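The block underneath contains the structure these notes are about, expressed in C-alpha cells.
Nothing in this text is a laboratory measurement; each read-out follows from the coordinates by a stated rule. All values derive from a computational prediction rather than experimental measurement. Note that we place each Cβ from the backbone using ideal geometry, even for glycine, and neighbour counts take in every protein chain shown.
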C-alpha cells in the first residue's frame, strides 16, 4: 500500500510506503492526505512552477513577440530535446526542470498566437 503525503512546511507531495516521515526537500513532517487531495496539490504545484518559469523567461529575455512561428517552434524543439537528453541520461531532476521550461515556452507561444504575433 502507498500513502499520499504532503509536507507541512513547503507543501510538496510524496507517495510513501509508510504513513509517516519527513520531507526530502525541507526535512519537515509529512501529513497523510487523500489521493484526490494529492492529485489537486500536484496539479497546482506544477502550474505554479510553470507560471513562475514563464515570469522568469520574461524577466530574462524581455519581449520576444518579434519571433516567427518557425523561430518559436525551433526554440521549443530545442527545449524538448534537452528534456529528452535528461530522460535518456536518467536525470529525473533535470528532466522535470526542462519540462517546466517546455510548458512555459508553450504558454509563451500561445500568448503570442492569441495576440496575433506568433
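Within region 55-74, residues that are touching a residue at least 12 places away in the same chain (Cβ under 8 Å) have Cβ atoms under 6 Å from residues that are assigned to a loop (DSSP other than H, G, I, E, B) in these pairs: 65/117; 69/118; 72/118, counting only partners at least 6 apart in sequence or on another chain.
From the list 77, 99, the one residue that fits, being under 23 Å from residue 42 (Cβ atoms), assigned to a helix (DSSP H, G or I) and out of contact with any strand residue (DSSP E or B) (no Cβ under 7 Å at 6 or more places or on another chain), is 99.
May I ask you to verify whether residue 98 is free of Cβ contacts under 8 Å to residues at least 40 places away in the same chain and buried (at least 16 other Cβ atoms within 10 Å of the Cβ)? Steps first, please.
Working: free of Cβ contacts under 8 Å to residues at least 40 places away in the same chain: yes; buried (at least 16 other Cβ atoms within 10 Å of the Cβ): yes.
Considered against the rule, which asks whether it is free of Cβ contacts under 8 Å to residues at least 40 places away in the same chain and buried (at least 16 other Cβ atoms within 10 Å of the Cβ), residue 98 comes out as yes.
In region 9-39, of all residues being over 18 Å from the mean Cα position of the chain (by Cα) and on the phi > 0 side of the Ramachandran plot, the one that is surrounded by the fewest Cβ atoms within 10 Å (Cβ to Cβ) corresponds to 27.
Filter region 40-55 down to the residues that are surrounded by 13 or more Cβ atoms within 10 Å (Cβ to Cβ) and out of contact with any strand residue (DSSP E or B) (no Cβ under 6 Å at 6 or more places or on another chain), then identify the one that is nearest to residue 18 (Cα to Cα). Here the residue is 40.
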